[in-house]
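The values are calculated or read from the model by the stated rules, or taken from the named source; none is laboratory data. Since we're looking at a predicted model, the values are computed, not measured. Neighbour counts run over all protein chains shown; Cβ positions are idealised from the backbone, glycine included. Heavy atoms of the whole protein, side chains included, go into the accessibility calculation; ligands, DNA and RNA do not. Shrake-Rupley method; radii C 1.70, N 1.55, O 1.52, S 1.80 Å.
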Amino acid sequence: MNNTAAESNPVVVPKPQSGLWKRVVRNRYIYLMILPGFLYFLIFKYIPMFGLVISFQDYQPYKGIMGSEWVGLKHFERLFTDSEFWNIFKNTLVVFVVNIVFYFPVPILLALMLNEVASSYFKRVVQTIVYIPHFLSWVIVVSISFVMLTMDGGLINELIAYFGGQPINFLMSEEWFNPIYVIQVIWREAGWGTIVYLAAMAAIDPGLYEAARMDGAGRFRQIWHITLPSIRSVVIVLLILKIGNVLDTSFEHIYLLLNSMNKNVAEILDTYVYTTGLKQGQYSFSTAVGLFKSVIGLLLVMFSNWLAKKFGEDGIY
């Protein structure tokens, strides 16, 4: 009787959950926090990569990707044989070099100075002041520059005229384009760029500074022998990421500064893609330019990461 009852009502033993699924369930709230960022990159970064195929087509919107004619490397041949493209490529490299040489060190220097401030109240006030410009759009930044630099009542030209000089057409000048560009970048982004460096400096063991002071090291020697070596890995990582964006400059910023008089030095790949792709409807050619930019950026990231590892740094992967 008992055996019959046991056979008719078998005990169901739950299967143990896999280790991966158990970790997902246990950390479900963390994964929910990650989900918006994951969806952003999936929808706006990875899925659009399938559209790169039109750089090998003579893409026609009304025919779609499947119906457009394949032309192979035609657009890349045009790209590499176009003298205008190489001038634009040179302009893009110049803007990148100006960024690396004049802007990249500024957040490091600013972070070092803020780190030496003894008064926490004064330090917070200064940090707040230098962070504020980051929250202004490039439209506002360029508009402020226009009001100050224009020849029609601009503050700078009024001061030049007051002291007996001749007004300078800053906004239309090829020579002044890069200086104006880098000054605007420094003013808007330098304060915000200090956040990572200050966080890295906060993790330095205070005992190292105490030992250095006992050995008679002054402030500059402490910075040179303790602070800078401690944040070196952070500087290398940010530099590698910056190098990866060598051809990906700020489109909005450059486009607002661009005009017919400084176009010869101000036209860069981003504005060129916008002009040829959206204004002229050359979708396949502009996609080929974008693909060229992406490949160059990827190769430079891989090379700079390999170079960093050769010199004993961690790199980014």
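Taken over the stretch 251-264, the criterion of being crowded, with 18+ Cβ neighbours inside 10 Å and either touching a His at 6+ places or on another chain (Cβ under 6 Å) or farther than 17 Å from residue 185 by Cα (or both) is satisfied by 262 alone.
For the condition in a helix (DSSP H, G or I), surrounded by 12 or more Cβ atoms within 10 Å (Cβ to Cβ), free of Cβ contacts under 8 Å to residues at least 12 places away in the same chain and out of contact with any strand residue (DSSP E or B) (no Cβ under 8 Å at 6 or more places or on another chain), residue 93 does not qualify. I'd like the residue in the stretch 222-231 that is surrounded by 13 or more Cβ atoms within 10 Å (Cβ to Cβ) and of a type outside the set (Val, Ile, Thr) and, out of all such residues, is nearest to residue 103 (Cα to Cα). Result: 228. Scoring residue 113 on the criteria (1) within 30 Å of residue 265 (Cα to Cα); (2) of a type outside the set (Asp, Glu); (3) open to solvent by 40 Å² or more (accessible area, probe 1.4 Å) leaves a single failure, condition (1).
Whenever a residue of the stretch 288-300 is over 14 Å from residue 80 (Cβ atoms), its partners that are open to solvent by 50 Å² or more (accessible area, probe 1.4 Å) and assigned to a helix (DSSP H, G or I), lying with C-beta atoms within less than 8 angstrom and at least six residues away or across chains, give the pairs 290/52.
Of all residues in the stretch 265-300, those that are more than 15 Å from residue 49 (Cα to Cα), assigned to a helix (DSSP H, G or I) and open to solvent by 30 Å² or more (accessible area, probe 1.4 Å) total 9.
Please determine, by comparing only the residues of the stretch 143-167 that are not in a helix (DSSP H, G or I) and not hydrophobic (A, V, I, L, M, F, W, C), which one is least open to solvent (accessible area, probe 1.4 Å).
154
Conditions tested, residue by residue: (1) within 21 Å of residue 292 (Cβ to Cβ); (2) free of Cβ contacts under 8 Å to residues at least 24 places away in the same chain.
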site: 216; (1), (2): no, yes
site: 220; (1), (2): no, yes
site: 226; (1), (2): no, yes
site: 229; (1), (2): no, yes
site: 232; (1), (2): no, no
site: 236; (1), (2): no, no
site: 241; (1), (2): yes, no
site: 249; (1), (2): yes, no
site: 254; (1), (2): yes, no
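Of the residues making up the stretch 203-211, at least one is of a type outside the set (Lys, Arg), open to solvent by 70 Å² or more (accessible area, probe 1.4 Å), outside any helix (DSSP H, G or I) and out of contact with any Gly (no Cβ under 6 Å at 6 or more places or on another chain).
Of the numbered criteria (1) among the small types (Gly, Ala, Ser); (2) in contact (Cβ under 8 Å) with a residue 12 or more places away in the chain; (3) outside any helix (DSSP H, G or I), the one residue 200 fails is (3).
Does any residue of the stretch 18-25 turn out to be in contact with a Pro (Cβ under 9 Å, 6 or more places away or on another chain) and either farther than 23 Å from residue 247 by Cα or modelled with pLDDT of 90 or more (or both)? Yes, the stretch 18-25 has at least one match.
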